[in-house]
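Asks: Just dropping this structure here.
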Amino acid sequence: MASRVFALLIGIDDYKSGRIWNLEACAHDAQRMKQWLMQDLQVPKENIALLLNQEGTKRRIEDTFMSHLVNNPAIAKGDALIVYFAGHGSTLRAPPDWCEGKLGSVQVLCPYDHDTKGPEGRVAGISDRSLFAMLAELSLIKGDNITLILDCCFPKAQLGSSARDRRFVRYTPTLKATPEDLFLGLWRGAVGRSFRGEFGFFQDDCQSHVLLAACRPGEKALEWKEGGKFTSELLTVKDVLPLHQMKYSDLSEHLAKGLTHIQQHPVCVGRRKDRVFLSGVPFVADASLVPVNGEKDRLRLEMGAMHGVVEGTEFSVHDHNRFGSINPSLDSFRVYEVHPTWSLARRKSMNKPGGRGSWARITRWNSRTPFRVYVKRTCSSILRRLFVRNKNSEAELDGIPVKEGLNIVQVETSAKADMSVGVHTRDVRVQNLDHLVPPTAHPLIRIEKDRSRSGVILSEAARFHMHLHRTNPAKPFHESLDMEIFRVDPHTQRRVGPNLLVDGTAAISHSEGARYAVVLHNHSDTDLWPYLAYMDSNGVDIQLLYHPQPSHPIPPLRKRSYLDIGCTGSEQSSSAYSCPPTPVPPPTPIVESKDQPQNWDTALVCVIMRRARAKS
């Protein structure tokens with residue numbers, strides 16, 4: 001869902017005109033906004049257009065607005081769109097017939113080439129009238145989930161010419177451009193379009209977008225070397241308030257509380273200002289959080305043995321399960337009783353006060369199977385060990401942070417390792433060496449160098465390894481379950497040809513558009529609820545391909561019967577699976593056998609398929 005957020009971020013410190021006082025932190029603010037979108041909301045890099053300093057000319061801003069937002073085929077109606085500007089604001093005397101009613105001045109955003117000569121005359125900024133027409137066009141095509149964020153100002157009184165008056169204020173007077181230049185630079189879509197210019201950018205009845213502005217009209221928007229006061233407060237508030245339930249109007253009020261001492265009052269205007277921020281689009285359900293319920297000191301966790309939970313697994317409880325919104329831990333619990341799909345836990349500490357949450361996140365898996373990692377010695381890793389210290393007292397593996405409870409151990413040679421890691425100057429190189437994965441499936445994965453990201457990859461790889469090696473020692477369904485793989489006709493959704501799974505291996509040649517189905521056979525006297533997962537040994541991804549419908553009262557895989565997954569007449573007849581362009585190695589059945597909640601008389605089976613790379 002984070003791919004449903006798109007942004008145009010503009011930050012301008014250095015101006016082309018020597019008459020304009022340069023700023024210090026606007027480009028940095030735009031970069032911080034990008035970092036927030038990518039790290040906290042997981043917005044893909046390609047969804048963000050960033051224009052800094054000389055890149056932010058008037059023509060370039062307008063062209064990027066059209067290509068990245070208006071004409072972008074990846075954007076669907078209702079997606080969250082953000083236009084952010086940090087730089088100088090300015091005002092010009094309004095020309096005759098500029099707008100409806102009487103108007104003394106026009107508010108403009110100052111691009112890099114503001115107040116300089118261009119091919120169409122002198123650049124008079126991006127006027128309020130132009131930007132409103134641009135946003136109206138965008139709203140008509142992509143919907144009105146548009147947020148305009150302006151960290152600049154339009155003070156009533158002109159600033160003095162001294163450095164003391166002008167420094168740290170995001171406003172500049174326009175000295176050369178004339179009212180006629182406003183018409184020359186007017187956005188083509190604004191020609192002939194009515195505009196109420198009395199309030200400039202601060203039109204409270206605007207329907208196309210919601211505006212979050214750094215200050216009221218007439219006030220000063222201040223900055224310091226660390227950043228704009230408004231942008232800094234915005235990026236502070238998102239770490240304090242749950243944005244997934246925060247209205248624009250409420251957010252503005254909270255921002256104002258942090259800036260009142262400097263006489264800067266953020267403003268929120270627009271007819272949609274009582275909507276949830278970004279209409280809640282980025283704040284989707286976080287799959288790493290699962291429901292819990294019960295008493296304050298003892299809880300039932302809706303995860304069990306099939307998920308890797310064992311006695312001693314620990315989890316934190318949280319208030320909500322929304323992604324990208326602050327969600328601190330309220331309390332900690334430790335599992336003491338495990339069932340196939342759920343478990344019971346008690347508070348880790350009865351002496352400390354704790355909060356009551358409805359969602360849980362595993363913090364310590366307490367894995368019994370060691371994940372052995374070989375860390376290659378490189379010049380970069382040696383220097384890091386000498387000069388970089390862990391300030392957070394977190395668990396580390398040769399300088400790489402890792403989560404506790406995953407049983408990650410370091411070995412001296414790659415022959416003993418399940419994975420090798422090499423920290424180089426520009427990237428981190430990871431290779432899967434697990435003995436259950438065929439040698440042809442050991443690609444070298446290069447990850448952009450980032451200490452925290454390296455730790456995430458290592459922790460996720462350990463989790464992958466934990467699930468890959470989990471088994472039920474009791475083997476209650478040993479030799480009672482079989483699996484077959486068939487090619488499926490894409491038109492009739494029926495099986496074509498023989499069973500491809502022979503002696504535990506399916507050698508499948510990649511064919512464009514080919515579809516496949518899985519058939520599970522149950523030779524036992526027990527009804528089963530099967531789960532089919534896919535584990536990609538080229539990375540650390542685990543995808544659930546099939547699971548029973550919770551509302552369905554009848555076990556999908558009855559005793560002495562079989563289940564087609566991906567064929568006509570099966571429970572998922574419309575969901576035949578595309579074949580990965582590589583052979584499929586032996587499947588590993590993992591079986592649990594206990595009563596399900598909701599009075600299901602059943603057992604569970606999780607069939608795991610591991611993928612190998614094809615030889616070239």
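The values are calculated or read from the model by the stated rules, or taken from the named source; none is laboratory data. Computed from a prediction, not measured in an experiment: that's the story for all the values here. Because the Cβ atoms are built from the backbone with ideal geometry, glycine has one as well, and the counts that use them run over all protein chains shown. Note: areas computed on protein heavy atoms with side chains; ligands, DNA, RNA excluded. Shrake-Rupley method; radii C 1.70, N 1.55, O 1.52, S 1.80 Å.
Asks: With every protein chain left in place, what is the accessible area per residue of region 55-177 in square angstrom, probe 1.4 Å?
Replies: On the way: 4830 Å² over 123 residues.
Solvent-accessible surface per residue comes out at 39 Å².
Asks: Moving on. With the full set of protein chains in place, find how many percent of the accessible area of region 1-89 is carbon and sulfur; take the probe as 1.4 Å.
Replies: Details: 1560 of 3430 Å².
That fraction is 46 percent.
Asks: Run the accessible area of region 171-253 with a 1.4 Å probe and give the carbon-and-sulfur part as a rounded percent.
Replies: 50
Asks: Normalising by the residue count of region 28-165, find the relative contact order in percent from Cα pairs under 8 Å and 6+ residues apart.
Replies: On the way: 149 pairs, mean separation 38.8, N = 138.
Relative CO of region 28-165 lands at 28 percent.
Asks: So if each residue of separation counts as 0.36 nm, and I subtract the Cα-Cα distance between residue 407 and residue 260, what length gain in nm does that give?
Replies: Numbers: separation 147, 0.36 × 147 = 52.92 nm, distance 4.98 nm.
Between residue 407 and residue 260, full extension yields 47.9 nm more.
Asks: Which distance in nm do the two modelled labels at residue 311 and residue 236 give, with both placed 7 Å along the Cα-to-Cβ direction?
Replies: About 4.9 nm, to one decimal.
Asks: Continuing with this model, one more query. Would you tally the net charge around residue 143, using a Cβ to Cβ cut-off of less than 13 Å, leaving residue 143 out, and scoring K and R as +1, D and E as -1?
Replies: Numbers: positive: 4, 77, 142, 272, 275; negative: 79, 137, 144.
Net charge around residue 143: +2.
Asks: With θ set to phi - 60°, apply the Karplus curve 6.51 cos²θ - 1.76 cosθ + 1.60 along region 531-544 and write out the HN-Hα couplings as whole Hz, x wherever there is a Gly or Pro.
Replies: 10, 10, 10, 10, 10, 9, 6, 6, x, 9, 7, 10, 10, 8
Asks: Using the Cα gyration tensor of region 1-148, with a ≥ b ≥ c the square roots of its eigenvalues, what is the shape: rounded (a/c below 1.5), prolate (a/b larger than b/c) or oblate (neither)?
Replies: oblate
Asks: OK, next. Going by the alpha-carbon gyration tensor, a ≥ b ≥ c the square roots of its eigenvalues, is region 207-246 rounded (a/c under 1.5) or, if a/c is not under 1.5, prolate (a/b greater than b/c) versus oblate?
Replies: Verdict is oblate for region 207-246.
Asks: On average, how much accessible surface per residue is there in region 282-359, in Å², for a 1.4 Å probe, leaving out ligands, DNA and RNA?
Replies: 45
Asks: Also, quick follow-up: How much of residue 79 can a 1.4 Å solvent probe reach, expressed as accessible area in Å² and rounded to 10?
Replies: It works out to around 10 Å².
Asks: Determine the order of 147, 178 by accessible area, beginning with the largest, at a probe radius of 1.4 Å.
Replies: 178, 147
Asks: What does the extension gain come out to for residue 287 and residue 561, with contour length at 0.36 nm per residue minus their alpha carbon separation?
Replies: So the extension gain works out to 95.4 nm.
Asks: Also, quick follow-up: Among the listed pairs 16/225; 34/58; 34/229; 45/238; 34/117; 34/247, which are separated by more than 24 Å between their Cα atoms?
Replies: Values: 16/225 21 Å; 34/58 21 Å; 34/229 17 Å; 45/238 20 Å; 34/117 31 Å; 34/247 22 Å.
Too far apart for the 24 Å limit: 34/117.
Asks: While we're here: Using only alpha-carbon positions, what ratio does the radius of gyration of region 298-354 give when scaled by 2.2 N^0.38 Å?
Replies: Against the compact-globule rule of thumb, the ratio is 1.17.
Asks: Here is a further query. With a 1.4 Å probe and all protein chains in place, put 521, 318, 261 in order of accessible area, largest first.
Replies: Highest to lowest solvent-accessible surface, that is 261, 521, 318.
Asks: Just subtract the alpha-carbon distance of residue 471 and residue 71 from 0.36 nm times their residue separation and send over the number in nm, one decimal.
Replies: 138.8 nm
Asks: In nm, to one decimal, how far is the modelled label at residue 361 from the one at residue 336, with both set 7 Å along Cα→Cβ?
Replies: The two pseudo-label positions are separated by 2.6 nm.
Asks: Next question, about the same structure. Report the FRET efficiency, 1/(1 + (r/R0)^6), for residue 544 and residue 22, where r is their Cβ-Cβ distance and R0 is 56 Å, rounded to 0.05.
Replies: Efficiency at R0 = 56 Å is approximately 0.55.
Asks: To the nearest 0.05, what FRET efficiency results for residue 105 and residue 140 with a Förster distance of 35 Å applied to their C-beta separation?
Replies: 0.75
Asks: Less than 9 Å Cβ to Cβ from residue 222, Lys/Arg counted +1 and Asp/Glu -1: what total charge do the surrounding residues give?
Replies: That sum, taken over residues with Cβ under 9 Å, equals +2.
Asks: Taking 8 Å as the Cα distance limit and 6 or more residues as the minimum spacing, I'd like the relative contact order of region 487-526 as a percentage.
Replies: 42
Asks: Direction-averaged shadow area of the convex hull around the Cα atoms of region 108-211, nm²?
Replies: Over every viewing direction, the Cα hull of region 108-211 projects on average to 7.6 nm².
Asks: Straight-line reach from residue 348: which aspartates and glutamates have Cα under 12 Å away, leaving out those fewer than 8 places along the same chain?
Replies: 297, 314, 331
Asks: First measure r as the distance between the Cβ atoms of residue 482 and residue 3, then evaluate 1/(1 + (r/R0)^6) with R0 = 30 Å and state the FRET efficiency to the nearest 0.05.
Replies: Calculated transfer efficiency: 0.15.
Asks: Arrange the residues 429, 170 by how much accessible surface each exposes, largest first, with a 1.4 angstrom probe.
Replies: Final ranking, largest accessible area leading: 429, 170.
Asks: How much accessible surface area, in Å² rounded to 10, belongs to the heavy atoms of residue 559 with a 1.4 Å probe?
Replies: 110
Asks: Also, I was wondering about something else. Each label point is 7 Å from the Cα along the Cα-to-Cβ direction; what then is the distance between the points at residue 180 and residue 346, in nm?
Replies: In this crude spin-label approximation the distance works out to 8.7 nm.
Asks: If I take all pairs of Cα atoms in region 241-303, what percentage of them are more than 12 Å from each other?
Replies: Percent of Cα pairs beyond 12 Å in region 241-303: 75.
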